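A short write-up of the structure that comes next.
Where a number appears in this text, it was derived from the coordinates with a stated rule and is not lab data. Everything numeric in this text was worked out from a predicted model, so none of it was measured. In this analysis, Cβ positions are derived from the backbone assuming ideal geometry, glycine residues included, and neighbour counts consider all displayed protein chains.
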Amino acid sequence: MNTGGARLWILALVIGCAGASDAIARGQRYYEDNQYERALAIWRDLERRDVRLVPDERVRYAYLRGMTDYRLGYREDARHWLAIAKSNRELAPGSLVPSWNERLDAALADLDRGAAPAAPGDAVQTIAAPDVGLEPATSEPVPQMTNGRPDAGAPAAPASAAPGQP
């Protein structure tokens, strides 16, 4: 590779890294302004472009992506990205401010509580199904069916009658 080509390649690499850093900063501003949908669009664009990040940017990206998903209610995606941030923060100490570390741990704890399967012997909370109106709206008898069609003229068969018996 000639020196002109090498310089051009290095310049493209520097511009690409600066672009990723700027995108992370822009996404962080959206996140901090509670504009989570816009922040998520930035995160997805970075992911789509398969941008290479330095370790501290990778941790910040994973944290912000996970917290954005968490705020939007995408719990499984949030768990994924926050787990990545947690596992990588040891590789880049100081990449997250202390308050972010606390929020990361609290969010993961909340996500884990909601996803923990019941162990044998644990009390399981039963939630009643909502009334969705499956019962007939009136107290009129439901017509009998003949060949898949309502038979309005036929009287309703008694519940104790066996098939084929009057």
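Fewest neighbouring Cβ atoms within 10 Å first, the residues Ser87, Ser95 line up as Ser87, Ser95. Site pair Glu32 and Leu53 shows an inter-label distance of 1.6 nm when each label is modelled 7 Å from Cα along Cα→Cβ. A quarter of the convex hull surface defined by the alpha-carbon atoms of the stretch 9-115 gives 6.6 nm² as the mean projection.
For Ile24, Ile84, what's the fewest-to-most ordering of other Cβ within 10 Å of each Cβ? The partial results should precede the final answer.
On the way: Ile24 21, Ile84 17.
The fewest-first ordering by Cβ neighbours comes to Ile84, Ile24.
Fewest Cβ neighbours within 10 Å first, please rank Leu108, Leu96 accordingly.
Details: Leu108 18, Leu96 22.
The fewest-first ordering by Cβ neighbours comes to Leu108, Leu96.
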